[in-house]
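The values are calculated or read from the model by the stated rules, or taken from the named source; none is laboratory data. Worth saying up front: this structure is predicted, and the values here are computed from it rather than measured. For neighbour counting, all protein chains shown are included, and Cβ atoms are generated from backbone atoms with ideal geometry for every residue, glycine included.
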Amino acid sequence: MAQPSFDKFATMLDQAVDRIPLRFLGSLTGGFNLRREKKREGEYYILGEYVEDGIGCFILFYYGSFAEVLGDAPEDCWQEEIMDTVLHEMQHHLEALAGRDDLARKEIAELTQALQGKE
């Protein structure tokens, strides 16, 4: 499959988000947001991120990052990665509501291990 257009990606993302029960979304004040650009931290592409700021919380997705990571992969790979990313960011949101940061600590440990392996 050719890489999906931004609009096709937005539709795929909407379909994934629509599968989340509403009871988990009420406190996600800024909802889900899609940006065209890619985002990187070092050599790692950021597909999505959970953001808390002074006025609320929301989730961002970066189409350009998905495009870099997935390229011309089959549509089912795109759909799976989108759903995995939605669930991952929702886990950050639900942990934040519960006053936990288990996933964030796990990510930091994985990043630390990856960086130590490059020395």
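Some values worked out for this structure:
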{"quantity": "Total residues in the range 19-48, condition modelled with pLDDT under 95 and acidic (Asp, Glu)", "calculated": "2"}
{"quantity": "Extreme residue, farthest from HIS93 (Cα to Cα), among residues of the range 1-18 that are touching a helix residue (DSSP H, G or I) at 6+ places or on another chain (Cβ under 7 Å) and outside any loop (DSSP other than H, G, I, E, B)", "calculated": "PHE6"}
{"quantity": "Filter result for the condition that a residue is under 15 Å from the mean Cα position of the chain (by Cα) and over 30 Å from GLY117 (Cα atoms), over GLU81, GLU37, GLU89, GLU52", "calculated": "GLU52"}
{"quantity": "Residue that is surrounded by the most Cβ atoms within 10 Å (Cβ to Cβ) [pool: residues in the range 19-40 that are of a type outside the set (Lys, Arg) and out of contact with any helix residue (DSSP H, G or I) (no Cβ under 9 Å at 6 or more places or on another chain)]", "calculated": "GLY30"}
{"quantity": "Test result for MET90, surrounded by 18 or more Cβ atoms within 10 Å (Cβ to Cβ), at negative phi and in contact (Cβ under 8 Å) with a residue 60 or more places away in the chain", "calculated": "yes"}
{"quantity": "Lone unmet requirement of (1) of a type in the set (A, V, I, L, M); (2) surrounded by 13 or more Cβ atoms within 10 Å (Cβ to Cβ); (3) modelled with pLDDT under 95 for ILE55", "calculated": "(2)"}
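So that you can scan it fast, the table gives a plain yes or no per residue for (1) exposed (fewer than 14 other Cβ atoms within 10 Å of the Cβ); (2) within 30 Å of GLY117 (Cβ to Cβ); (3) of a type in the set (A, V, I, L, M, F, W, C):
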position: PRO4; (1), (2), (3): no, no, no
position: VAL17; (1), (2), (3): no, no, yes
position: GLY42; (1), (2), (3): yes, yes, no
position: ALA96; (1), (2), (3): no, yes, yes
